[in-house]
1. What is the distance, in nm, between label points placed 7 Å from the Cα along the Cα-to-Cβ direction at Lys224 and at Leu298?
2. Separation of region 125-164 and region 366-419 by C-alpha centroid, Å?
3. Identify which of Asn190, Asn296, Asn391 has the largest mean-square fluctuation in a Gaussian network model of the chain, with springs joining Cα atoms closer than 10 Å.
4. Out of Leu129, Leu268, Leu287, any idea which swings most in a Gaussian network model of the chain, alpha carbons joined below 10 Å?
5. So, in nm, how far is label Arg54 from label Asp182 when the simple model puts each one 7 Å beyond its Cα toward the Cβ?
6. Using +1 at the C-beta of Lys and Arg and -1 at the C-beta of Asp and Glu, which of Phe45, Met267, Phe158 has the Cα lying farthest in the positive direction of the dipole of the chain?
7. Work out the charge dipole of the chain with +1 on the Cβ of Lys and Arg and -1 on the Cβ of Asp and Glu about the Cα centre, then indicate which of Thr74, Val347, Tyr380 is farthest towards its positive end.
8. Calculate how many DSSP beta bridges within the chain are antiparallel, expressed in % of all such bridges and rounded to the nearest 5.
Amino acid sequence: MDKRSFLKGLTLAGLSVPLSAKSIESLMSYASNKKPSELAMDEAFWEGIKGKYRLKPDYINLESGYYNILPQETLEKFIEHIREVNLHGAYYMRTVQFDNKKIMANKVAKIAGCSTDELILTRNTTESLDMVIGGLHWQAGDEAIMAEQDYGAMLDMFKQVSRKHGTINKILSVPNHPNSDDEIVQLYANAITPKTKLLMVSHMINITGHILPVQKICDMAHAKGVEVLVDGAHAFAHFQYNISDLHCDYYGASLHKWLSVPLGVGMLYVKKENIKKIWPLLADGNLDLNDISRLNHLGTHPVHTDLAIADAVDFYEKLGPENKEARLKYLQQYWTSKVRNHGNVIVNTPVDPKRSCAIANVGIKGMAPGLLAETLLKKYKIYTVAIDGANVHGCRITPNVFTSPKELDVLVKALLELG
């Protein structure tokens with residue numbers, strides 16, 4: 001065999017290896033000349049990405065909004081971190097634990113697009129946001145603004161603050177299908193009075209996937225002297241943005257969602273000049289009011305989870321944030337476009353692609369959301385979650401990078417039959 005034939009044989013042999021068996025580096029080499037919008041529809045590539053996950057075959061998982069399943073390489077490295085921390089025991093906890101936490105926080109700050117001295121690692125979004133809600137200096141009569149579509153844990157914290165300090169909570173309702181950004185901004189603006197101390201807004205409403213115009217809301221609120229707290233639980237590492245560009249005062253998120261870090265890590269951003277305004281959740285010996293680390297006293301906690309942040313960030317950056325966002329947006333529009341305005345099917349997520357990404361919510365007129373979720377699981381082997389409240393009645397559908405259009409076709413078939 002001559003050299004040319006030999007090399008040709010090697011090339012053909014390489015092509016015969018399915019993409020699912022290739023490393024993520026090889027997959028990205030394959031995708032290097034494709035635009036994100038083009039790659040979003042390349043099923044061979046995404047089948048390769050799916051091969052990086054271990055998934056249960058019993059059902060189609062369309063509930064990635066609560067917790068993102070880890071790719072196998074992140075999971076295996078996480079297990080290694082557990083073993084390593086266990087090997088060193090107290091030595092690790094008393095020596096490099098805190099330095100490593102700062103290194104991981106810096107990696108998150110880089111993705112978040114903010115200064116490293118304005119971000120700390122927490123345990124989840126609830127801890128991050130509740131630290132701000134409960135840690136501000138409230139006085140009787142102070143007002144806070146929020147939406148009924150905001151996450152329940154934060155609304156509960158505002159209620160507790162109201163009982164404790166005599167504050168007033170003003171709860172509005174965000175329309176599922178707004179006509180413009182101005183409509184939403186004005187909704188919040190109309191609720192502000194001279195007594196308003198804090199406005200909380202969801203970057204992405206968790207029950208519908210509706211992305212709100214956060215920067216415009218922040219600019220409006222600041223012009224009226226009101227600080228803004230942003231719930232970014234479902235936005236972070238889901239679609240691209242920089243926290244610094246949002247002009248918010250506080251921002252909290254969970255890293256176990258779209259960044260695919262193991263359970264137990266969140267993040268909190270506090271604008272530099274606001275750090276001194278917040279009481280920490282747990283008392284800390286650091287008395288420098290401008291040092292954000294004083295808000296980061298957690299006591300003994302699973303530090304091996306912190307170490308897995310680096311691995312999750314590596315996978316996220318290898319895949320490419322722009323590629324991930326394009327694919328997630330494509331998947332959501334793939335199925336919603338097939339069921340919108342069909343019979344009794346109700347899509348509770350805006351049709352404008354700029355107002356959503358992976359998450360959408362769908363209901364069937366006259367069918368309780370709980371029954372819809374039960375039917376999807378028992379009859380069609382689709383796992384999702386029912387939402388029944390805050391002007392949203394349906395199931396939250398959350399595909400991920402390992403979801404295929406063929407799986408979404410099963411959802412479409414189910415909805416068309418039920419609706």
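1. Output for this residue pair reads 3.6 nm.
2. Measuring centre to centre over Cα atoms gives 32 Å.
3. Checking each option, the largest mean-square fluctuation is seen for Asn190.
4. Leu287
5. Here the answer is 5.5 nm between the modelled labels.
6. Checking the options against the dipole of the chain, the answer is Phe45.
7. The listed residue farthest towards the positive side: Tyr380.
8. 50 percent
Where a number appears in this text, it was derived from the coordinates with a stated rule and is not lab data. Keep in mind the model is a prediction, meaning the values are calculated, not measured. Virtual Cβ from ideal backbone geometry, glycine too; neighbours counted across all protein chains shown.
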